[in-house]
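Everything below concerns the one structure shown next.
The values are calculated or read from the model by the stated rules, or taken from the named source; none is laboratory data. Since this is a predicted model, take the numbers as computed values, not measurements. Here the Cβ positions follow ideal geometry from the backbone for every residue, glycine too, while neighbour counts run over all protein chains shown. Just the protein is used for accessible areas: all its heavy atoms, side chains included, with ligands, DNA and RNA removed. Shrake-Rupley method; radii C 1.70, N 1.55, O 1.52, S 1.80 Å.
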Amino acid sequence: MAGIEVTALHKRYPDGTVAVDHVDLSIGDGELFVMLGPSGCGKTTTLRAIAGLERQTTGDIRIGNTLVNDLPPAERDIAMVFQFYALYPHLRTRDNLAFPLRAEGLPKAEVRERVDEAARLMRLGPLLDRRPRRLSGGEQQRVALARALVRRPRAFLMDEPLTNLDAELRADMRTEIKHLQGELGTTMVYVTHDQVEAMSLGHRIAILNKGRVEQIGTPLEVYDRPASLFCAAFIGSPPMNLIEVEVADGKLRSQSGLVLTPPPGLPRDRCLVAGVRPEALEVTEPGAERSVPARVVSAEWLGDEIIYVVDHGGQRDVRVRMPSTVRFAADAPVGLRHSGGPPPVYDVSTEELVA
Amino acid sequence: MAVSVDEAVSTGPVRDHTPSARRFGGRGRFVLEVALLTVLAVVMLFPVLWMIETSIKENRDVYAIPAKFFDFKVTMDHFKDVFVASGGGRSTLSVSFLNSVVVAGVSTALATVLGVPAAWAYSRFAVKAKKDQLFFILSTRFMPPVVVVIPIFLMYRQVGLIDTQLGLILIYTAFNVPFTIWMMKGFVDEVPAEYEDAAMLDGYTRLQAFWRFTLPLLLPGIAATAVFALIFSWNEFVFATFLTSSDNVRTAPPAIAGLIGGTTVDWGLVAAASVVFALPVLVFAYLVRKHLVAGVTLGAVRR
Ligand SMILES: Nc1ncnc2c1ncn2[C@@H]1O[C@H](COP(=O)(O)OP(=O)(O)OP(=O)(O)O)[C@@H](O)[C@H]1O
Ligand SMILES: [Mg+2]
């Protein structure tokens with residue numbers, strides 16, 4: 001087992017595409033580290049560089065304090081699970097699992113023992129004699145995971161391993177992976193573009209955008225204080241409301257007059273945007289205390305909650321998350337007020353967190 | 001071919017658009033289709049049938065006028081003549097068949113051994129100016145053999161490859177490698193690179209990964225490609241005629257052609273030799289027919 005250090009990683013493909021611009025990661029031993037980002041931001045490329053399947057243009061990769069830049073994938077002692085499971089189609093499950101072990105030249109008895117152990121962990125007993133073609137997507141996924149486990153590698157790399165599964169199975173597998181990782185205590189780097197997956201799995205999350213790291217933090221940190229406007233707009237469903245604000249006599253006020261709790265250390269004389277979570281706003285009866293007049297544009301009823309889209313005279317409509325017991329008709333005049341703590345505030349020109 | 005017949009037919013009879021007429025039109029169309037296909041089949045197959053008939057007729061019957069279709073005496077003498085010389089021992093024709101087997105077999109094997117790894121490399125790696133290289137490789141096939149045969153003749157004369165099996169093998173290999181690369185690249189593209197990635201993480205080198213995981217998945221494609229190459233080398237006539245002359249080097253196509261042109265032509269022998277010559281190709285094509293179609297319709301399959 002080992003931690004992974006990625007320093008100033010830069011990858012430019014021969015056709016000139018810069019897939020990874022500058023990435024620094026410091027992944028602890030035994031950590032479940034999630035890389036999250038939109039399509040094309042360089043997640044897969046970073047992962048493949050760590051695995052040794054792609055040679056970085058510049059930058060260093062260390063696994064457990066060993067510089068592995070020049071090591072071929074086989075010598076990095078890492079297992080990877082692909083989005084497309086890459087089970088060998090001509091081999092039965094049993095042999096698919098045994099393959100990496102035979103490559104190491106382990107004695108037969110030990111191979112058998114390890115295969116059985118992995119099969120037990122992933123509950124593959126009845127599937128051991130089938131070929132991949134006769135396995136369902138979820139089963140193939142479990143076999144792929146088992147094949148990663150069986151080698152007892154120093155780290156697991158997972159590239160969107162659940163993307164091809166349906167929602168329910170995905171939730172199950174998520175729990176299973178998390179549990180397994182906790183049990184084995186093996187470092188895992190998990191790539192996804194699904195923020196729910198990232199939030200529920202990760203000890204820490206790195207948010208990538210255009211080949212750069214925007215933020216690294218625990219799921220809570222990332223949710224509460226996105227480090228940049230990109231993160232603010234990326235995390236959460238619906239994402240934060242970005243409201244243009246100005247500082248006036250110690251208060252944070254939007255154009256519509258909505259007053260927000262000010263965070264300490266606000267800079268002056270700058271164009272600022274506050275990131276307000278939909279659950280930190282409240283739709284009230286018109287004229288309620290501290291509220292500004294507003295109008296309901298539309299309402300999305302999600303069962304246990306309602307997302308109201310509200311026009312409060314600001315530049316953009318805001319989204320408000322309310323319990324489903326509180327009902328307002330569309331087009332009804334209402335009040336809008338801020339009910340949470342101090343929101344993160346961003347500088348419009350640098351797009352970075354300032355307070 | 002079925003498609004073109006279909007299209008030719010569909011514009012024909014369906015002119016009246018009342019439902020009953022259309023129903024009749026459907027029937028009429030079917031009849032017409034069968035009729036046209038029958039005509040086509042007769043036109044295509046008659047020469048083959050005639051060749052087979054001639055190969056088993058006695059010489060008297062071959063020249064009979066009016067021609068005898070059914071009531072002739074069957075003889076296997078011509079086939080015997082193909083393999084056995086008149087005074088006993090091996091015939092020159094049998095030697096040329098053996099030459100054909102050697103030349104076609106070795107050149108196909110060489111083209112496969114060279115072309116498959118090349119196709120893999122072109123499919124998997126970032127090669128500089130890959131498209132241009134591939135186009136260049138293909139372009140060597142643009143020219144018909146007749147155009148290049150004279151320069152090659154002169155070159156071969158310089159290096160002493162005229163009238164040798166090695167010379168034929170080399171030229172056939174050169175012609176088959178581009179074809180193999182192009183066709184195999186399609187098959188390699190179809191095999192996800194992740195298999196090799198996974199294998200490399202599992203502890204294999206790149207070459208081992210190719211050898212142990214990708215290659216087995218490519219076998220059907222290799223078989224199809226090799227059969228195409230084999231058929232090309234087996235049937236090739238122009239180079240064989242120009243570059244070889246002696247009986248113990250010549251391949252079957254020029255040897256069979258050489259039977260025609262004396263004062264008398266032994267048509268029975270020509271026909272029998274042709275049947276023997278056509279047989280391996282038919283058998284091979286039949287064995288890999290599924291893969292041949294896969295090879296031709298490549299890209300249309302999956303994804
Ligand atoms: N082999 C390659 N050659 C050239 N460009 C590539 C290659 N592989 C990826 N790219 C480009 O590099 C960028 C990053 O690709 P990458 O696969 O790392 O993205 P990703 O974050 O994994 O996206 P996704 O979520 O869609 O999988 C993309 O713009 C992509 O087009
Ligand atoms: Mg990816």
Subject >> Residue tally, condition open to solvent by less than 90 Å² (accessible area, probe 1.4 Å) and either in contact with a helix residue (DSSP H, G or I) (Cβ under 6 Å, 6 or more places away or on another chain) or not assigned by TED's automatic domain parsing to the domain that holds B:Ala226 (or both), over region B:264-283 >> reply: 11
Original post:
Are any of the residues in region B:202-224 assigned to a loop (DSSP other than H, G, I, E, B), among the acidic types (Asp, Glu) and touching a strand residue (DSSP E or B) at 6+ places or on another chain (Cβ under 9 Å)?
Top reply: yes
**OP:** Kindly establish whether B:Leu110 is surrounded by 13 or more Cβ atoms within 10 Å (Cβ to Cβ), free of Cβ contacts under 8 Å to residues at least 40 places away in the same chain, in the same structural domain as B:Phe135 (by TED's automatic domain parsing) and part of a helix (DSSP H, G or I).
**Re:** no
Original post:
Listed residues A:Val213, A:Val189; which is within 14 Å of chain B (Cβ to nearest Cβ), within 16 Å of ligand 1 (Cβ to nearest atom) and in contact (Cβ under 8 Å) with a residue 40 or more places away in the chain?
Top reply: A:Val189
**OP:** Check off (1) away from ligand 1 (no atom under 16 Å from the Cβ); (2) modelled with pLDDT under 90 for A:Asn164 and give me the number that stays unchecked.
**Re:** (1)
**OP:** Just name the residue that is nearest to A:Val189 (Cα to Cα) out of those in region A:6-63 that are assigned to a helix (DSSP H, G or I) and hydrophobic (A, V, I, L, M, F, W, C).
**Re:** A:Leu47
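Among the candidates A:Asp15, A:Asp60, which residue alone is more than 14 Å from every other protein chain (Cβ to nearest Cβ), charged (D, E, K, R) and away from ligand 2 (no atom under 16 Å from the Cβ)?
A:Asp60
So that you can scan it fast, the table gives a plain yes or no per residue for (1) touching a strand residue (DSSP E or B) at 6+ places or on another chain (Cβ under 6 Å); (2) of a type outside the set (Asp, Glu):
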| site | (1), (2) |
| --- | --- |
| A:Ala2 | yes, yes |
| A:Lys11 | yes, yes |
| A:Asp15 | no, no |
| A:Ala19 | yes, yes |
| A:Gly28 | no, yes |
| A:Val34 | yes, yes |
| A:Gly52 | no, yes |
| A:Gln56 | yes, yes |
| A:Ile61 | yes, yes |
**OP:** Check A:Leu87, A:Leu106, A:Leu101 and return the single one that is in the same structural domain as A:Val68 (by TED's automatic domain parsing), in contact with a Pro (Cβ under 7 Å, 6 or more places away or on another chain) and under 22 Å from B:Asp197 (Cα atoms).
**Re:** A:Leu87
Subject >> Check on A:Ala171, within 16 Å of ligand 2 (Cβ to nearest atom) and assigned to a helix (DSSP H, G or I) >> reply: no
Original post:
When you go through A:Pro226, A:Pro262 one by one, which is the residue that is within 29 Å of A:Gly335 (Cα to Cα) and surrounded by fewer than 23 Cβ atoms within 10 Å (Cβ to Cβ)?
Top reply: A:Pro262
**OP:** Identify, from the list B:Ile222, B:Ile256, the residue that is crowded, with 18+ Cβ neighbours inside 10 Å, under 19 Å from B:Arg124 (Cβ atoms) and more than 14 Å from every other protein chain (Cβ to nearest Cβ).
**Re:** B:Ile222
Original post:
Can you name the number of the only condition in (1) surrounded by fewer than 17 Cβ atoms within 10 Å (Cβ to Cβ); (2) more than 8 Å from ligand 1 (Cβ to nearest atom); (3) on the phi < 0 side of the Ramachandran plot that A:Ala8 fails?
Top reply: (3)
**OP:** Report yes if A:Leu67 is in contact with a strand residue (DSSP E or B) (Cβ under 8 Å, 6 or more places away or on another chain), away from ligand 1 (no atom under 16 Å from the Cβ) and open to solvent by 10 Å² or more (accessible area, probe 1.4 Å), otherwise no.
**Re:** yes
